[in-house]
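Notes follow once the structure below has been shown.
The values are calculated or read from the model by the stated rules, or taken from the named source; none is laboratory data. All values reported here derive from a predicted model rather than from experimental measurement. Don't worry about glycine lacking a Cβ; one is built from the backbone with ideal geometry, like all the others, and counts go over all protein chains shown.
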Amino acid sequence: MAQYSRLDGVFAAVSDPTRRAVLRRLGTGPASIGELAAPFGMALPSFMKHIGYLEKTGLITTRKTGRVRVCTLERASFDAIESWLSEQRGIWAGRTDRLEQFVTAADPDTRLDTETLS
């Protein structure tokens with residue numbers, strides 16, 4: 001259950017376009033808060049809320065070097081997402097395979113004729 005509560009936070013984090021853009025940028029390497037905030041037309045305190053949320057969910061880490069705070073993407077945090085998506089892929093692949101078997105193995109006399117529906 002703890003895994004799913006963590007996933008809730010991660011999916012909430014990536015639901016916001018600003019946070020997705022920050023993650024996309026950090027995918028190319030570490031960046032300072034100033035560099036990350038530059039493309040967005042918002043006050044720094046508002047932007048820092050996004051950084052705080054990403055840090056709280058474990059998707060990024062920040063460290064202070066002198067007067068500059070640098071953000072780094074935590075790639076290992078994406079393992080939980082990948083694991084859940086793989087699980088879902090397996091479930092849905094099984095369901096669609098069973099549906100295909102049902103449709104192709106059904107008695108042709110009892111199968112719904114799609115031409116008569118159109």
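Observations on the model:
- Candidates Thr65, Thr61, Thr72, filtered to the one that is loosely packed, with under 10 Cβ neighbours inside 10 Å and hydroxyl-bearing (Ser, Thr, Tyr): Thr65
- Only one of Gly41, Gly52, Gly34, Gly66 that is in the same structural domain as Leu7 (by TED's automatic domain parsing), of a type outside the set (Asp, Glu), within 13 Å of Val22 (Cα to Cα) and over 20 Å from the mean Cα position of the chain (by Cα): Gly34
- Pair list, Cβ < 9 Å and 6+ apart or interchain, from the range 1-20 residues that are at pLDDT 75 or above to residues that are in a helix (DSSP H, G or I) and surrounded by fewer than 12 Cβ atoms within 10 Å (Cβ to Cβ): Gly9/Lys56; Ala13/Lys56
- Taken together, the residues in the range 88-104 that are loosely packed, with under 10 Cβ neighbours inside 10 Å and either under 25 Å from Gly58 (Cβ atoms) or basic (Lys, Arg) (or both) amount to 0.
- Test for Glu82: is it of a type in the set (Asp, Glu), surrounded by 10 or more Cβ atoms within 10 Å (Cβ to Cβ), out of contact with any Lys or Arg (no Cβ under 7 Å at 6 or more places or on another chain) and at pLDDT 75 or above: no
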